[in-house]
Amino acid sequence: GRGSGDAISFVNNTNTQITAIADLFEDRLMTAKQKFNDLAKEKEHPQIKDSNVFLGSKQYLKIMESEDVDAVLIATPAFLHPEHLESAVNAGKHVYCEKPVAVDVYGCNRVINAGKKAGNKLSLAVGFQIRKATPFVEMVRRIHDGLIGDIVTAELYYFAGAIALPEFPNASREELRLRHWHFDRLLSGDIIVEQGIHIIDVCNWVLMTHPISAYGSGGRAGKADTGDAWSHFIVDYKSPGDINVSFHHTQCNPGYGDVCERFFGTKGTSESHYTGGVFIKGEKEWDSGVARGTAEQISAKEWATGAFKSALDDADPNKQKAFIESITNGNHINEALDGAQSALSAILGRTAAYRGKVVTWNEMIKSNERWDPKIDISRFDKG
């Protein structure tokens with residue numbers, strides 16, 4: 001769903017056309033083709049040529065070889081991101097890779113090396129769109145300008161319901177792992193790496209660094225899906241400057257939805273929600289104008305004033321426009337290192353929670369841990 005959503009948003013928000021697509025499963029490929037061709041007709045763009053519709057585990061390489069393609073959008077299962085990103089850079093294509101860039105330390109190192117190869121010759125963006133959301137951009141600018149003083153501690157939480165996916169009753173166990181890859185630790189990196197990473201990335205952005213150690217816990221209680229990913233993580237991160245960061249992530253039903261980051265400083269406190277306001281309290285106060293409170297609490301009058309319903313209203317469009325503009329104006333962006341460091345920060349928290357003990361950044365990096373997905377996706381190739 002994210003791949004189709006990203007692609008459609010690119011076409012709606014930038015001067016781009018979808019020229020080639022690839023997938024492992026024919027039903028997903030044909031559904032996407034129909035969606036994209038309907039959009040192309042609406043936009044008066046050419047239809048996707050049948051010769052540019054690729055089915056199979058290695059057919060993404062045909063996209064990399066195509067002269068019809070300037071930039072590649074990667075929205076495949078997370079465990080495949082390093083392989084696909086490397087191939088795009090090797091082919092000299094600009095690339096927009098959804099988060100996380102990898103599910104293990106080894107994969108993050110592959111992405112860092114691909115970023116070095118891309119240098120400033122290609123644009124390489126990672127799907128942390130919150131870094132382009134207007135309210136967050138202004139809040140972080142003010143924090144960096146000293147509005148809340150020296151940061152003492154931070155609280156991050158991402159409370160979400162369980163992800164609902166089709167059942168695919170006729171699928172084999174291996175096929176179901178792929179179709180339900182969000183539920184599978186080895187394929188997704190677990191919920192902290194696949195979803196909770198967004199608020200970890202915001203923390204890295206605000207603190208301008210990554211954590212140096214973590215201690216955590218969690219478990220799978222309350223989950224009833226087909227996989228082995230956990231339902232919750234609780235992690236205490238230690239960041240440079242003796243800054244303690246509390247992280248809490250849930251993904252289970254009955255769910256409660258709220259996402260927030262709070263940074264407590266010597267002069268004030270910042271608070272940022274997806275829905276519910278982005279503001280600073282303290283010696284010098286600031287409010288982004290995003291409506292405060294829960295969706296149920298925000299009045300019809302506030303909606304009518306034109307205030308942002310969500311702090312992320314312009315996040316995807318701004319991110320996509322910045323990526324395309326970096327290509328057309330030649331001022332290429334390279335987010336490989338930041339993307340990898342945020343993935344590694346999430347992996348650090350995951351590792352600490354799995355082990356139930358303190359894990360340091362240096363210890364994690366030296367391990368160069370490599371996960372075996374224990375799946376052969378080529379078995380689904382036809383012919």
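Once you have a ≥ b ≥ c as the square roots of the Cα gyration tensor eigenvalues for the range 250-289, tell me rounded if a/c is under 1.5, and otherwise prolate or oblate according to whether a/b is larger than b/c.
Because a/c hits 1.5 or more and a/b fails to exceed b/c, the range 250-289 counts as oblate.
Calculate how steeply helix 315-328 sits against the longest principal axis of the alpha-carbon atoms of the chain, using the helix alpha-carbon long axis, and give the answer as 0 to 90 degrees to the nearest 10.
Helix 315-328 and the main axis of the chain meet at about 60 degrees.
Which lysines, if any, have their Cα less than 24 Å from the Cα of K267, not counting same-chain residues under 8 positions apart?
K238, K281, K284
Taking only Cα atoms, what is the 0 to 90° angle, nearest 10, from helix 26-43's long axis to the longest principal axis of the chain?
Between helix and principal axis, roughly 80 degrees.
FRET efficiency for K58 and N90, Cβ-Cβ distance as r, R0 = 22 Å, nearest 0.05?
Efficiency, rounded to the nearest 0.05: 0.95.
222 nm [θ] for the chain, helices only, -39500 (n - 2.57) per DSSP H run of 4+, per residue, to 500?
-11000 deg cm²/dmol
Using +1 at the C-beta of Lys and Arg and -1 at the C-beta of Asp and Glu, which of S4, L73, T153 has the Cα lying farthest in the positive direction of the dipole of the range 1-155?
Farthest towards the positive pole: T153.
Just to be sure I understand: of the beta bridges DSSP finds with both ends in the chain, what percent are antiparallel, rounded to 5?
Once the DSSP bridges in the chain are tallied, antiparallel ones form about 65 percent.
Go ahead and collect, in residue order, the members of the range 207-221 whose backbone nitrogen is under 19 Å from a label point 7 Å along the Cα-Cβ direction of K366.
Residues passing the 19 Å test: 211-215.
Under a plain spin-label model, where a point goes 7 Å from the Cα along Cα-to-Cβ, how far apart in nm are R379 and K309?
Once both label points are built, they end up 4.4 nm from each other.
Would you mind working out the accessible area per residue for the chain, using a 1.4 Å probe, and quoting it in Å²?
Value for the chain: 46 Å² per residue.
Pull out the extension gain between K284 and K117, defined as 0.36 nm times the separation in residues minus the alpha carbon to alpha carbon distance; nm, one decimal.
55.7 nm
Using Cα atoms only, what is the angle between the long axis of helix 197-207 and the major principal axis of the chain, expressed in degrees (0 to 90) to the nearest 10?
Rounded to the nearest ten degrees, it is 50.
Along the Cα-to-C-beta direction of D70, a point sits 7 Å from the Cα; which residues of the range 30-51 have their amide N less than 18 Å from that point?
Output list for this probe position: 40, 43-49.
Counting C-alpha atoms alone, how compact is the range 175-281: give Rg to one decimal and Dmax as a whole number, in angstrom.
Just the Cα atoms of the range 175-281 yield Rg and Dmax of 15.6, 53 Å.
Under a point spin-label approximation (7 Å from Cα along Cα-to-Cβ), what is the K357-I212 distance to one decimal in nm?
Taking the two extended label points, one gets 2.1 nm.
How large are Rg and Dmax for the chain when calculated on the C-alpha trace, in angstrom?
Over the chain's Cα set, Rg and Dmax evaluate to 20.9, 68 Å.
Under 8 Å for C-alpha pairs, at least 6 residues apart: give me the relative contact order for the range 114-259, rounded to a whole percent.
The normalised contact order for the range 114-259 reaches 31 percent.
Rank by packing, highest mean first: peptides 47-53, 319-325, with packing defined as the count of other Cβ atoms within 10 Å averaged across residues.
319-325, 47-53
Given a 1.4 Å probe and every protein chain left where it sits, what share in percent of the accessible area of the chain is carbon and sulfur?
Of the solvent-accessible surface of the chain, carbon and sulfur hold 49 percent.
Within 15 Å, Cβ to Cβ, of D338, how many net charges do the neighbouring residues add up to if Lys/Arg are +1 and Asp/Glu are -1?
Net charge around D338: +2.
The values are calculated or read from the model by the stated rules, or taken from the named source; none is laboratory data. The shown structure was predicted, so the numbers you read here are calculated from the model rather than taken from an experiment. Methodologically, a virtual Cβ is constructed for each residue, glycine included, from the backbone with ideal geometry; neighbour enumeration extends over all protein chains shown. SASA here: full protein model, heavy atoms, side chains in, ligands and nucleic acids out. Shrake-Rupley method; radii C 1.70, N 1.55, O 1.52, S 1.80 Å.
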